[in-house]
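Peer 1: The structure that follows is given in the form of structure tokens.
The values are calculated or read from the model by the stated rules, or taken from the named source; none is laboratory data. Note that the structure is a prediction, hence the values are computed from the model and not measured. Cβ: placed from backbone, ideal geometry, glycine included. Neighbour counts: every protein chain shown.
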Amino acid sequence: MKKIIRGFTFVFLLSLGMSATLIAQNEGDIAIGVQGNYGTDIEELGIGANGIYSLNETMKVGADFTYWLIGDDEFSGFGNDVSISYTFFEINANFNYIFYNENQLMAYGIGSLGIHYAKVEAEVEGPGLDDSSDSELGLGLGAGAEYNLGSVSLFAEPRIFLSGFDQFSLTFGARIGI
């Protein structure tokens, strides 16, 4: 539990610092969006939100949140009815290095650092099972491409997480400048 509290405190302080910086900047340097994800280890879809801030022509920082859509399981075994529910989500801080930006197409490398959280809850008739939860620091590397359509930009970002959920993740979505 202490790991979770420390992790959320870190992300909260990071977001406060980013908010103070973002408020002081010019319009057009900030974009927010929605995203969909697919994780190869979880083998499920995720939904989320993201934001990005341009530091200069070649660097951006941002954050994203993904909630993985993992269904509940119900089964009977050994004379007991069992219901299991899952909660998986991740919060990542991202650094993007832009190496191509021409003709409305941008290509960039991504480094991510985040908190990955998993919780499993079980309801059992008869002898009970313990609920379990865990959080880990996630480190990810990847690449991204963004196509500017004017007021909306479409993006795709494949990343491999080397810790946390330990999986390949494909993120896709849209952003608008604010």
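Peer 1: Being hydroxyl-bearing (Ser, Thr, Tyr) and out of contact with any Lys or Arg (no Cβ under 7 Å at 6 or more places or on another chain) is the filter here, so list the residues in the stretch 50-75 that pass it.
Peer 2: Correct list: THR58, THR66, TYR67.
Peer 1: Right, something else. Name the one entry in ASP64, ASP29 that is modelled with pLDDT of 95 or more and among the charged types (D, E, K, R).
Peer 2: On the way: ASP29 fails: modelled with pLDDT of 95 or more.
The unique qualifying residue is ASP64.
Peer 1: A further question on this structure: In the stretch 106-125, which residues are at pLDDT 85 or above and of a type outside the set (Val, Ile, Thr)?
Peer 2: MET106, ALA107, TYR108, GLY109, GLY111, SER112, LEU113, GLY114, HIS116, TYR117, ALA118, LYS119 - these are the residues of the stretch 106-125 that are at pLDDT 85 or above and of a type outside the set (Val, Ile, Thr).
Peer 1: Right, next: Of (1) over 20 Å from ASN96 (Cα atoms); (2) hydrophobic (A, V, I, L, M, F, W, C); (3) loosely packed, with under 13 Cβ neighbours inside 10 Å, LEU162 satisfies all except one. Which?
Peer 2: Failed condition: (1).
Peer 1: Take the stretch 33-73 and flag every residue that is among the aliphatic types (A, V, I, L, M), touching a Ser or Thr at 6+ places or on another chain (Cβ under 8 Å) and loosely packed, with under 15 Cβ neighbours inside 10 Å.
Peer 2: The one that is among the aliphatic types (A, V, I, L, M), touching a Ser or Thr at 6+ places or on another chain (Cβ under 8 Å) and loosely packed, with under 15 Cβ neighbours inside 10 Å: ILE47.
Peer 1: Here's a follow-up. Report, ordered by the first and then the second residue, all pairs with beta carbons closer than 6 Å, sequence separation of six or more or different chains, a first member in the stretch 111-139 that is under 27 Å from SER169 (Cα atoms), and a second member that is at pLDDT below 75 and among the basic types (Lys, Arg).
Peer 2: SER135/LYS3
Peer 1: Tally time: how many residues in the stretch 149-159 are hydroxyl-bearing (Ser, Thr, Tyr) and exposed (fewer than 13 other Cβ atoms within 10 Å of the Cβ)?
Peer 2: The total comes to 1.
Peer 1: Further question: Among the numbered conditions (1) at positive phi; (2) part of a strand (DSSP E or B), tell me where SER153 comes up short.
Peer 2: The failed condition is (1).
Peer 1: Can you spot a residue in the stretch 89-98 that is in contact with a Leu (Cβ under 6 Å, 6 or more places away or on another chain), modelled with pLDDT of 90 or more and among the small types (Gly, Ala, Ser)?
Peer 2: Checking the stretch 89-98: at least one residue is in contact with a Leu (Cβ under 6 Å, 6 or more places away or on another chain), modelled with pLDDT of 90 or more and among the small types (Gly, Ala, Ser).
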